[in-house]
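Data first, discussion second: the structure below is written as structure tokens.
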Amino acid sequence: MLKSFILNPCEFCYHIIADEQRLIESYLKDLSDKQGCDLIVTTGGTGPAKRDVTPEATESVCQKMLPGFGELMRSVSLQYVPTAILSRQSAGIRGKSLIINLPGKPKSIKECLEAVFPAVPYCLDLIEAGYIHANAENITIFRPKA
């Protein structure tokens, strides 16, 4: 989905890691601090199960949390399933990286990413990360007019 939204040349890195908070924290720090990723998107680990610790890892490594992302994702998901209230999607900022925790199911990922992505480029602008040129054929973003 991100490839269809973003026109900029960019590198997509995929990692599958265990549901262990310290390991997730380590990967998030590495992606942000060492690899300089502007946008970090996780999938899964946002439910109420004991092993679901992605939001805790994200909150632990971020300087600022952005609760509106999770609120919107849950609101969108509630249109499809009543169990969306169990989801703990979140987002936060670490340095010049925006970290977004998405649900684990592909259908839910699509619904949530379509909902929040319109705000992502402007958020990246505000934290002085890379500028995203969006593909207007696939997604409409919002940037306030100067």
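The set of residues from the stretch 1-31 being assigned to a helix (DSSP H, G or I) and under 14 Å from Asn101 (Cβ atoms) comprises Gln21, Ile24, Glu25, Tyr27, Leu28, Leu31. Look at the stretch 38-67: where a residue is modelled with pLDDT of 95 or more and a partner is of a type in the set (Lys, Arg), sitting 6+ places away or on another chain with Cβ atoms under 6 Å, you get Thr46/Arg88; Pro55/Arg88; Val61/Lys29; Val61/Arg94; Cys62/Arg94. Across the stretch 117-146, the number of residues qualifying as of a type outside the set (D, E, K, R) and open to solvent by 90 Å² or more (accessible area, probe 1.4 Å) comes to 6.
The values are calculated or read from the model by the stated rules, or taken from the named source; none is laboratory data. Note that the coordinates shown come from a computational prediction; the quantities given were computed from them, not determined experimentally. As a convention, Cβ positions derive from the backbone with ideal geometry for all residues, glycine included, and neighbour counts pool all protein chains shown. To get the accessible areas, we keep the full protein, side chains included, count just its heavy atoms, and leave off ligands, DNA and RNA. Shrake-Rupley method; radii C 1.70, N 1.55, O 1.52, S 1.80 Å.
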